[in-house]
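The values are calculated or read from the model by the stated rules, or taken from the named source; none is laboratory data. In this text, all values refer to a predicted model and were calculated from it rather than measured experimentally. Quick reminder, even Gly has a Cβ in these numbers, built from the backbone with ideal geometry, and neighbours come from all protein chains shown.
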Amino acid sequence: MKEDRVRLVVFSALLTALSDIMGKDGKNSVLKFAGLNDYVNKDVPPSTDPKDSIDYETFGALLRSMHELLGHGTNAILFESGRKFAVYLSPFGYSLKDVIERLEKWLGGKWQIKSKGNDKEIVSIENCPVCRGLEAKTALCTVIAGSLSRIKEESTGEKFEVKETKCIATGDSVCEFHIKKITKK
């Protein structure tokens with residue numbers, strides 16, 4: 001898959017979360033605002049087949065329209081979308097290494113685990129496909145944080161906080177996520 005393509009499973013999860021949170025009309029409004037009328041009132045199957053993909057321009061148009069229309073509310077929707085999307089990763093295992101490899105294939109960019117530990121890990125992404133071409137004052141890759149959170153919870157049974165500490169959209173050279181186990185008090 002070329003890096004300018006995003007697997008349909010990612011787009012489907014984002015649209016499903018948008019519909020779950022905003023309803024069908026809300027989802028359709030965002031799609032129309034993005035100029036993605038071909039997807040209005042349609043279900044997009046969550047295919048992981050490499051031939052079933054959308055161009056990055058379509059993916060980016062949806063993300064930009066969400067940020068423009070919804071502002072800060074976009075982060076909650078994207079985080080939940082990432083959590084929903086993580087369900088599609090489960091057949092490939094729950095190890096962070098396996099998930100990172102799969103996300104790199106499905107989304108593009110160059111992903112790596114920079115630091116490993118039982119209670120804390122750091123994931124770094126060069127040429128992040130989520131914030132590509134966007135500029136912001138705060139980190140934008142909440143959909144990835146949601147996916148990493150869900151994967152860590154499913155693989156360990158524990159709760160994890162995932163925080164994006166660097167984002168290309170804010171001027172950093174990479175997007176970086178700190179994954180930390182939430183300890184019970």
Single residue of Ala61, Ala13, Ala17 found to be without any contact (Cβ under 8 Å) to a residue 40 or more places away in the chain, at negative phi, small (Gly, Ala, Ser) and surrounded by 14 or more Cβ atoms within 10 Å (Cβ to Cβ): Ala61
Boolean, Lys114 is closer than 19 Å to Val87 by Cβ, touching a residue at least 24 places away in the same chain (Cβ under 8 Å) and surrounded by fewer than 24 Cβ atoms within 10 Å (Cβ to Cβ): no
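Here's the yes/no breakdown for (1) over 14 Å from the mean Cα position of the chain (by Cα); (2) at pLDDT below 85; (3) closer than 21 Å to Ser29 by Cα:
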residue	(1), (2), (3)
Asp43	yes, no, yes
Thr48	yes, yes, no
Phe59	no, no, yes
Ser65	yes, no, yes
Ala86	no, yes, no
Leu96	yes, yes, no
Ala145	no, no, no
For the stretch 153-165, what are the residues that are surrounded by fewer than 19 Cβ atoms within 10 Å (Cβ to Cβ) and either within 18 Å of Gly108 (Cα to Cα) or of a type outside the set (Val, Ile, Thr) (or both)? Glu153, Glu154, Ser155, Gly157, Glu158, Lys159, Glu161, Lys163
Options Cys167, Cys141; residue that is in contact with a strand residue (DSSP E or B) (Cβ under 7 Å, 6 or more places away or on another chain) and farther than 21 Å from Lys181 by Cα: Cys167
